[in-house]
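Q: My questions will all concern the structure given below.
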Amino acid sequence: MNLWQRFVAHMARPEPTTPLALFRICVGTIVFGTILASVLSGGVDILWLTDADGGYNTFRSKQWIVRWLGGHNAFTVWVLVWTCMLSALGVATGTLTRASALVCGQTFLALMSLAPGTGGSHDRLITNALWLLVLIPAGTTLSVDARWRTGRWRDDTPRPAWGRTLLVFQICLVYTSAGLHKLGVSWFPWGGYLAVHYALLDPTWSRLDITMLPAVAWFSPLTRFGTALSWFWEVTFAVSAWWLGTGRAERRLERLGSQPTIWQRLRHPDIRNLYVLVGVTMHVVLLVFMELGPFSLVTMSFYFGLYRHHELVRWLPGTRNDAA
Amino acid sequence: MSHKLSWRDHARAGLIALHMGALLVMCLPVPGRMGKPQQNDPGFQSQLRQWRSVGRAVGIQLSQEEALALVIDVTDVMRVVRHKAVNVVKPYIRRVGAGQAWQMFGVVQKTPARLRVEVREGGEWRDLYVHADATADWNARFMRSERMRALLNQYSWRARPSSYERLGSWMACQAKAELPDATELRTTMEVLALPGPARLRETGTIPVKSTRWERSYDLDTCDEDAP
């Protein structure tokens, strides 16, 4: 087999789509939550509406859906908000999954066009995730679509595995690119590994009151270690995908046998789990101490792509036997 | 692989490869334009000095001017190359929302700025809102919301000054409606000098280095019909 044939075969190998379904549920819920948060905080009224409708902004979006709905006015903004939230519920529940993801993605893009400067990387990651949900068969199982099609909520019919590969590819791009862009000296030994220290002190991002921020200084060894580790972890994150894609996860399981001891597990660690463990720890710390919107949650949703159906169903209620 | 690969498998893999290729192109680094304000930025100058010292340690001697010229040349080339490559895939990427710019915390600010909003009541100024300060948290649900924080981050990086002024006008009208005794509103960006761990342990405070973007709004000029 040449390289292209191996690539085609890798994309076409069949497997149940549970990882895609879990990713879909998370993304739909996060989009619903982030728009609802904008509604509840007054962000829609103040940031997305124009000065003519009570907002602060004189900017007028020329995005195609905004124009199609009659221009940047209160009616358009609220139609977009409710359509986006409704379609996000469609995504989360797997109702007309691909159509819901398309509507949700396009209305989300339209909303993000209303007030430049009020978004972040999480918005871009969300629109990427929603486009992937248009492409991949994420509504096959754990969805209303599955219920309509088969009469059951679960449908473990194998589908080509390219959907999960695209999730892994996307998250590897995010981390590797983010790592390679970290050129500020505070990420390196000659800058004292102080990037996390300074990031935690920046009142723009910190959840802590400024009177509490000096406490960060007492955790200096931890923040320095976190700086060094997170840079290395981001730049090398693709190793976890290599571990998975080259079948090393399966070979490890074969080597361990049916009832491995803790010592055997430590001697043959699952590299993926190490990367995921560091990632989850890092994102939980970010969630607790820094205000980064839904960035951590949407990023971690992609982690489902690093595991196969039989690895995930062990953790789903009522499906333990299916993993065997 | 148990089944023979069909033309559909090949066609699908081709489309997937195109999608992946487009994402890779969008991931090419996006250096910012190095105009005079960026070149003279103290934070950038400090970064450049430290990278020069790293260069000296490995035998590359460059003056500050030579290093700056090198940065400008490299960023110019990178921008041109990226621009050409991105133009090919941009129509697809823009329509589907698959942009790939992940420069998160690439350079961490050591002198970030935070918003301070004050009102004058009975001739005295008092804090109305100070970002990350629980003692002045007017309209905190909105002011500390994620999207507002994103906007404040732009101001911290000296971006979107006109948006800053519009937001000030909007806050003035809000203050007029909520605080009948207020006559004037003032917004300032307070530049903080973030200390290193040792200095912070010693002093226990984060000092204000300077202020910028001070704007005042006479509440009487706020349109009554405005929100």
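The values are calculated or read from the model by the stated rules, or taken from the named source; none is laboratory data. Remember, predicted model here, so these are calculated numbers, not experimental data. Backbone-built Cβ (ideal geometry, glycine too); neighbour counts: all protein chains shown. We work out accessible area using only protein heavy atoms, side chains counted, and drop any ligands, DNA or RNA first. Shrake-Rupley method; radii C 1.70, N 1.55, O 1.52, S 1.80 Å.
Q: Any chance you could count how many residues in region A:184-204 are within 7 Å of another protein chain (Cβ to nearest Cβ) and part of a helix (DSSP H, G or I)?
A: 9
Q: To continue, here is another question. Tell me, which residue of region B:102-127 that is more than 7 Å from chain A (Cβ to nearest Cβ) and in contact with a helix residue (DSSP H, G or I) (Cβ under 7 Å, 6 or more places away or on another chain) is surrounded by the most Cβ atoms within 10 Å (Cβ to Cβ)?
A: Among residues in region B:102-127 that are more than 7 Å from chain A (Cβ to nearest Cβ) and in contact with a helix residue (DSSP H, G or I) (Cβ under 7 Å, 6 or more places away or on another chain), the one surrounded by the most Cβ atoms within 10 Å (Cβ to Cβ) is B:A113.
Q: Answer yes or no as to whether A:R207 is under 27 Å from A:T127 (Cα atoms), open to solvent by 30 Å² or more (accessible area, probe 1.4 Å) and either facing another protein chain (nearest Cβ under 7 Å) or in contact with a Ser or Thr (Cβ under 8 Å, 6 or more places away or on another chain) (or both).
A: no
Q: Now for a different question. Only one of these is under 14 Å from B:R95 (Cα atoms) and of a type in the set (A, V, I, L, M): A:L69, A:L130. Name it.
A: Every option except A:L130 fails the conditions.
Q: Please specify each residue of region B:1-34 satisfying the condition of being of a type in the set (V, I, T) and either more than 10 Å from chain A (Cβ to nearest Cβ) or touching a Pro at 6+ places or on another chain (Cβ under 9 Å) (or both).
A: Residue satisfying the conditions is B:V25 alone.
Q: Something else: Out of all the residues in region A:99-111, is one or more open to solvent by 40 Å² or more (accessible area, probe 1.4 Å), without any contact (Cβ under 8 Å) to a residue 40 or more places away in the chain, over 18 Å from the mean Cα position of the chain (by Cα) and closer than 22 Å to A:L22 by Cα?
A: Scanning region A:99-111 turns up at least one residue that is open to solvent by 40 Å² or more (accessible area, probe 1.4 Å), without any contact (Cβ under 8 Å) to a residue 40 or more places away in the chain, over 18 Å from the mean Cα position of the chain (by Cα) and closer than 22 Å to A:L22 by Cα.
Q: Here's a follow-up. Of the numbered conditions (1) of a type in the set (V, I, T); (2) open to solvent by less than 10 Å² (accessible area, probe 1.4 Å); (3) within 23 Å of B:M104 (Cα to Cα); (4) more than 8 Å from chain B (Cβ to nearest Cβ), A:V235 fails exactly one; give the number of that condition.
A: It is condition (2) that A:V235 fails.
Q: Tally time: how many residues in region B:151-201 are within 7 Å of chain A (Cβ to nearest Cβ), surrounded by 22 or more Cβ atoms within 10 Å (Cβ to Cβ) and either among the small types (G, A, S) or touching a Gly at 6+ places or on another chain (Cβ under 6 Å) (or both)?
A: Final tally of qualifying residues: 2.
Q: Consider region B:35-56. How many of its residues are closer than 17 Å to A:L183 by Cβ and within 14 Å of another protein chain (Cβ to nearest Cβ)?
A: Residues meeting the conditions: 14.
Q: Next up: Which ones in region A:135-144 are open to solvent by 30 Å² or more (accessible area, probe 1.4 Å) and assigned to a loop (DSSP other than H, G, I, E, B)?
A: Listed by number, the list holds a single entry, A:L142.
Q: Could you identify the single residue in A:W48, A:W4 that is open to solvent by 50 Å² or more (accessible area, probe 1.4 Å) and out of contact with any Asp or Glu (no Cβ under 6 Å at 6 or more places or on another chain)?
A: A:W4
Q: Related question: Criterion first (buried (at least 23 other Cβ atoms within 10 Å of the Cβ), modelled with pLDDT of 95 or more and assigned to a helix (DSSP H, G or I)) does A:L80 satisfy it?
A: Yes: the conditions hold for A:L80.
Q: I've got another one for you. Restricting region A:145-183 to residues that are of a type in the set (F, W, Y) and open to solvent by less than 40 Å² (accessible area, probe 1.4 Å), which is farthest from the other protein chains (Cβ to nearest Cβ)?
A: Of everything passing the filter in region A:145-183, A:Y175 is farthest from the other protein chains (Cβ to nearest Cβ).
Q: Hey, among the residues in region B:13-45 that are farther than 30 Å from B:A193 by Cβ and open to solvent by 60 Å² or more (accessible area, probe 1.4 Å), which one's nearest to the chain's Cα centre (by Cα)?
A: B:L28
Q: Suppose we filter region A:8-33 for residues that are part of a helix (DSSP H, G or I), closer than 29 Å to B:S6 by Cβ and either within 12 Å of chain B (Cβ to nearest Cβ) or among the aromatic types (F, W, Y) (or both); how many remain?
A: Looking only at that region, the number is 6.
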